[in-house]
Amino acid sequence: MSRPAGELLPHHESGDRAALLPHHDGSALHVETAEPALGDVVTLRLRVPHGSPVDGVALRTVDDGEPHEQEATLDRVDSSDSWWRATLRLHHPVQHYRWSIRSGPHLRWVTGRGVVDHDPTDVDDFRISTHGGAPDWARRGVVYQVFPDRFAPGSDGRPRVDLLPEWAEPADWEDPISDVHERAVRQVFGGSFWGLRDRLDHIADLGATVVWTTPFFPARSSHRYDAAAFDRVDPLLGGDEAFAALVAAAHERGLRVIGDLTTNHCGVGHEWFRTARADATSPEAGFFTFHEHPDEYESWLGVRSLPKLDHTDAELRRRLTEGPESVVARWLAPGALDGWRIDVANMTGRLGPLDMNHEVARTVRRTVDATRPDAYLIAEHAHDFTGDVDGGGWHGSMNYAGFTRPVWSWLRDPEADTSFLGTSTTLPRRTGDAVVRSMRAFHAPVPWSVATAHQNQLCSHDTPRWRTVAGSDDATIVGLGLLVSLVGVPCVFAGDEIGVEGGDSDQARVPFPWHRPERWNRRLYDAHRRLLRLRRDTAALADGGLRWVYVGDDALCFLRETPDDRLIVLAARAAHEPIALDATALAARSLEGLVGDDLTPDGELVRLPGDGPAFHLWRLHR
């Protein structure tokens with residue numbers, strides 16, 4: 001059984017054709033002003049396909065807690081749709097709204113989750129944020145994640161043993177990652193920013209436009225999320241000199257660089273924490289929550305090596321997040337970073353009854369905007385981010401909940417025992433309908449400006465590798481196709497492009513086999529190079545609206561549309577019945593194969609192929 005995604009009404013089809021439904025999203029076809037200000041009046045449009053019953057349309061909003069409705073007017077009619085228009089005055093920093101469609105005695109609502117025939121809660125309303133969105137270079141970019149110790153050694157090779165700190169355990173580039181976590185995080189393979197600088201051409205050639213490096217501050221682990229200082233680059237990575245050389249070389253190539261900052265905690269070796277433990281009257285003692293000084297203190301998830309920071313302390317905020325002298329601001333100076341990824345953003349400022357999370361996010365955003373208005377600010381969040389991103393703090397979130405988990409549950413190897421972040425149970429293998437409903441559930445409650453800034457990833461340094469989860473090259477490429485074609489900023493973890501595998505986060509952090517090209521999966525490399533470049537160079541994949549066309553157990557089909565370009569995407573995890581679409585409803589005389597063969601309508605129908613696993617993408621021509 002298949003049906004249009006989000007449709008909670010009886011299934012509407014004409015013969016064997018998949019139906020298109022009334023539609024609205026935050027893209028330029030439907031919302032006239034991309035970044036409005038408080039008090040602006042914005043023109044909104046709802047498209048209603050011909051054949052969909054409609055006697056009238058209204059726009060429902062909520063101002064000061066009270067709902068209001070206004071009648072929409074018929075704006076224009078084209079070959080496929082009727083377009084209804086209404087205006088919305090932005091009375092609140094984040095304005096909610098939804099549409100109603102009347103047909104005889106029946107009333108349907110058009111919400112962020114789709115078309116429904118029951119009264120929905122306001123949680124599913126569309127939203128417009130007046131806070132401003134992520135910079136264009138980020139929304140239209142492709143991110144390449146680097147774990148610096150494992151990416152590329154510099155010309156000096158692995159670090160000299162006599163320069164290693166006491167915690168580190170030297171490893172050769174081809175040594176295996178220890179299967180004991182406590183040892184794995186001490187292994188140092190010798191990657192550096194000199195090595196990363198030398199490999200920037202590889203990154204740019206793939207089609208990536210942004211380099212995200214996990215933390216580079218001195219620490220007591222190879223992952224460096226236990227920072228020992230925030231004012232310098234770890235000498236193991238080449239120090240400040242190598243960092244400056246990396247950023248300069250990246251900018252010369254048109255690449256941006258974003259760093260990784262933990263605002264929730266630091267390491268026990270951090271100078272602030274050592275001072276706090278040594279002197280309970282010191283300013284630094286207020287940066288932490290001591291239950292009994294100096295040995296009983298709050299830490300991240302009870303991990304004693306990661307003491308939690310207390311953002312109620314004004315001096316901590318001044319040093320870390322607030323103002324021109326803060327850590328956040330210092331590394332965004334001209335010629336330095338182009339943005340931050342904030343580690344454990346979901347836990348920052350939260351402890352029992354205390355919740356300063358949104359205040360911390362807004363503080364960081366103010367500092368970023370004052371220091372570098374075109375910087376990108378992305379938050380780590382592994383589950384439900386919808387209550388924490390309204391556009392006023394983080395530009396968006398790592399989209400584990402609304403992209404990674406649904407894609408895994410649809411495409412994962414059915415023979416594997418796969419779990420997901422924070423869970424101990426096997427991840428179920430779900431149908432396309434369940435997957436799309438999950439995606440829409442997480443997409444609906446956030447403004448479009450946030451959804452387009454979210455960072456989508458198939459895997460990261462905190463998960464198993466995508467090739468391992470997918471189980472085959474075919475499924476890996478289908479996932480990659482969804483990564484580049486769904487709403488959000490695609491992010492690739494270094495090594496994914498050559499088929500690196502690993503069954504958990506430690507094993508996923510393997511050194512990049514530069515000197516072993518025979519190990520590279522050339523099919524995956526070619527697919528990454530082609531699809532990442534396509535995402536980089538195709539405006540509709542970054543700026544286009546998202547309209548679901550057809551959802552079956554094994555096939556997903558959707559449109560990405562701007563006023564100047566229209567694309568249709570088909571992703572299949574298995575062979576399925578060919579999908580018949582109404583050529584008139586699509587306003588398509590031909591389909592140009594950007595990934596796959598060209599198609600021409602057969603009479604009134606366009607029949608999409610039923611092969612799978614497969615990924616196809618076409619440009620529609622009127």
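The values are calculated or read from the model by the stated rules, or taken from the named source; none is laboratory data. Computed from a predicted model, the values in this text were never measured in an experiment. Note that each Cβ is placed from the backbone with ideal geometry, even for glycine, and that neighbours are counted across all protein chains shown. Heads up: the accessible areas ignore ligands, DNA and RNA and are worked out on the full protein's heavy atoms, side chains in. Shrake-Rupley method; radii C 1.70, N 1.55, O 1.52, S 1.80 Å.
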*How long is the gain from E296 to R589 if the chain were fully straight, where each residue apart is worth 0.36 nm and the alpha carbon distance is subtracted?*
98.5 nm
*Note, ³J(HN,Hα) from phi for segment 434-443, Karplus 6.51, -1.76, 1.60, rounded to Hz, x at Gly and Pro*: 5, 5, 5, 4, 5, 4, 5, 4, 8, 7
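Stretch E241-V62 to full length: gain in nm at 0.36 nm per residue minus the Cα-Cα span?
Working: separation 179, 0.36 × 179 = 64.44 nm, distance 5.37 nm.
So the chain would gain 59.1 nm between E241 and V62.
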*Place a +1 charge on the Cβ of each Lys and Arg in the chain and a -1 charge on the Cβ of each Asp and Glu, then give the dipole magnitude about the Cα centre in debye, rounded to the nearest 20.*
860
*Calculate the length of the line joining the C-alpha centroid of segment 241-265 to that of segment 355-406, in whole Å.*
19
*In Hz, Karplus ³J(HN,Hα) per residue of segment 87-98 (6.51, -1.76, 1.60; θ = phi - 60°; x = Gly, Pro)*: 10, 9, 8, 7, 7, 10, x, 10, 9, 8, 6, 8
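Would you work out if segment 344-398 is rounded, prolate or oblate? Take a ≥ b ≥ c from the square roots of the eigenvalues of the alpha-carbon gyration tensor; rounded if a/c is under 1.5, else prolate when a/b is larger than b/c, oblate otherwise.
oblate
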*asked:* Just want to confirm a number: the relative contact order over the chain, from Cα pairs under 8 angstrom separated by 6+ residues, in percent.
replied: 14
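Quick check: at a probe of 1.4 Å, how many percent of the accessible area of the chain sits on carbon and sulfur atoms?
48
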*Packing-based ranking, highest mean first, of 148-154, 387-393, 521-527 given that Cβ atoms within 10 Å are counted*: 148-154, 387-393, 521-527
*Report, by chain and number, residues whose modeled amide H sits under 5 Å from the one on S299, excluding near sequence neighbours (fewer than 5 apart, same chain).*
K308
_What are the ³J(HN,Hα) couplings of segment 504-510, residue after residue, when phi is run through the Karplus curve with 6.51, -1.76, 1.60 and θ = phi - 60°? Round to Hz, x for glycine and proline._
8, 4, 5, 6, 6, 8, 7
*Which value, in debye to the nearest 20, describes the size of the charge dipole of segment 529-572 about its Cα centre when Lys and Arg Cβ atoms bear +1, Asp and Glu Cβ atoms bear -1, and nothing else is charged?*
280
_Virtual spin-label span in nm between A575 and A28, 7 Å along Cα→Cβ_ = 4.2
*Just subtract the alpha-carbon distance of D175 and H621 from 0.36 nm times their residue separation and send over the number in nm, one decimal.*
155.3 nm
*Compute the signed sum of charges (Lys and Arg +1, Asp and Glu -1) over the other residues within less than 14 Å, Cβ to Cβ, of I568.*
+1
*List the residues of segment 311-350 whose backbone N lies under 14 Å from a point placed 7 Å from the Cα of D231 along the Cα-to-Cβ direction.*
319-320, 325-328, 330-331
*asked:* Suppose R0 equals 41 Å. What FRET efficiency, 1/(1 + (r/R0)^6) with r the Cβ-Cβ distance, do T425 and D122 give to the nearest 0.05?
replied: 0.80
*Evaluate the distance, in nm, between pseudo-label points positioned 7 Å from the Cα of L351 and of A539 along their respective Cα→Cβ axes.*
5.0
*Listed values [x] 55; [y] 62; [z] 71, entry calculated as percent of Cα pairs over 30 Å apart*: [x]
*Residues with amide H under 5 Å of V42's amide H, sequence separation 5 or more or different chain, H placed in the peptide plane at 1.01 Å from N; which?*
L88, R89, L90
*Distance in nm between label sites at R183 and D40, each 7 Å beyond Cα in the beta-carbon direction?*
5.8
_Can you list residues from other chains, or at least 5 along the same chain, whose modelled amide H is less than 5 Å from the amide H of G141?_
none
